[in-house]
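Q: This is the structure, below, for whatever I ask next.
FYI, it's all coordinate maths here, none of it is from the lab. All figures in this text were calculated on a predicted structure; none of them were measured in a lab. Backbone-built Cβ (ideal geometry, glycine too); neighbour counts: all protein chains shown.
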Amino acid sequence: MNEAPSLRPLYLNGQIVGEVPITGNPELDVATAERFLVERGLFRETRRIAAMLVQAYSFGKNAQHIYERYLSGPLANPLGMAPFVVNGSFALEIYVKALSEIHGVRPRGHNLQELYGALNPQIHVLLEELTRGYIKAKSLRDIPDFKTCIYSIGNAFEKWRYHYENGTAPLIQPLDMFLSLDVLHAACVRRSRA
């Protein structure tokens, strides 16, 4: 006698829209869930920009988690530095590339100075405006402009990712990272809705 497969609730935008069988094969399970959504007219193709924003947010949140878990407090563990910088700077890269794509440009590369420099000048203005709001909301002092923060991170993604090869990597200030992540996220959300 064959057992009926287990069923799993299928969520869409936080709501259960049905149940689908669980086979234990992830590719088959995803295809089954997608087919379920298509058959009911619920499936929507993910836009590239939306996918970029989700991925950037994920890397940024992981950088925050690593910082809070390993790098803040009196017992900081330096082993958290490379994953903090790599995750955070990669999130920044994706955010900057998303802002470029919103304006019809698909940049390449990892250097934040070059990617930022190639952004539409209107985006530069928006980022500085959002930075001033961030600084005021957080009651921060002695914080430079957005450009200075993002330039201080520069090519940290590449340098920290390969730190074991060259033995040197730029020191990254956590505040520069978090300000840049929050401001770029806000700019992407604002521009993607415009």
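Q: Angle check, please: helix 81-102 long axis (alpha carbons) against the longest principal axis of the chain (alpha carbons), in degrees 0 to 90, nearest 10.
A: The answer is roughly 80 degrees.
Q: Another question about this same structure. Filter the trypsin sites (Lys or Arg not before Pro) in region 86-194 down to the DSSP loop ones having no more than 13 other Cβ atoms within 10 Å, then list what survives.
A: On the way: sites: Lys97, Arg108, Arg132, Lys136, Lys138, Arg141, Lys147, Lys159, Arg161, Arg190, Arg191, Arg193; in loops: Arg108, Lys138, Arg141.
Taking region 86-194 and a limit of 13 other Cβ atoms within 10 Å, the loop trypsin sites (Lys or Arg not before Pro) found are Arg108, Lys138, Arg141.
Q: If you keep only loop residues by DSSP, which GluC sites (Glu not before Pro) in region 2-90 have at most 13 other Cβ atoms within 10 Å of their Cβ?
A: Glu3, Glu45
Q: Would the chain count as rounded, prolate or oblate if I go by the C-alpha gyration tensor, calling it rounded below 1.5 in a/c and otherwise prolate when a/b exceeds b/c, oblate otherwise?
A: prolate
Q: Moving on. Determine the relative contact order of the chain: mean sequence separation of Cα pairs under 8 Å and six or more apart, normalised by residue count, in whole percent.
A: Reported relative contact order: 18 percent.
Q: So if we plug the beta-carbon distance of Thr23 and Arg69 into 1/(1 + (r/R0)^6) with R0 = 35 Å, what FRET efficiency do we get, rounded to 0.05?
A: 0.50
Q: How far apart, in nm, are the 7 Å Cα→Cβ label points at Asn13 and Ala31?
A: Simple spin-label model gives 2.9 nm for this pair.
Q: State to the nearest 20 debye the size of the charge dipole of the chain about its Cα centre, where the only charges are +1 on K and R beta carbons and -1 on D and E beta carbons.
A: That gives the chain a dipole magnitude of about 500 debye.
Q: Mind listing which chymotrypsin sites (Phe, Trp or Tyr not before Pro) in region 21-104 are in a DSSP loop and have 16 or fewer other Cβ atoms within 10 Å?
A: Phe43
Q: Using θ = phi - 60° and the Karplus form 6.51 cos²θ - 1.76 cosθ + 1.60, what ³J(HN,Hα) does each residue of region 179-185 get, whole Hz, x for Gly and Pro?
A: 4, 4, 4, 5, 5, 5, 4
Q: Would you compute the Debye intensity of region 29-111 from its alpha-carbon atoms alone, equal scatterers and no solvent, and pass along log10 I(q)/I(0) at q = 0.23, 0.26 Å⁻¹ to two decimals?
A: One equal scatterer on each Cα of region 29-111 leads to -0.97, -1.09.
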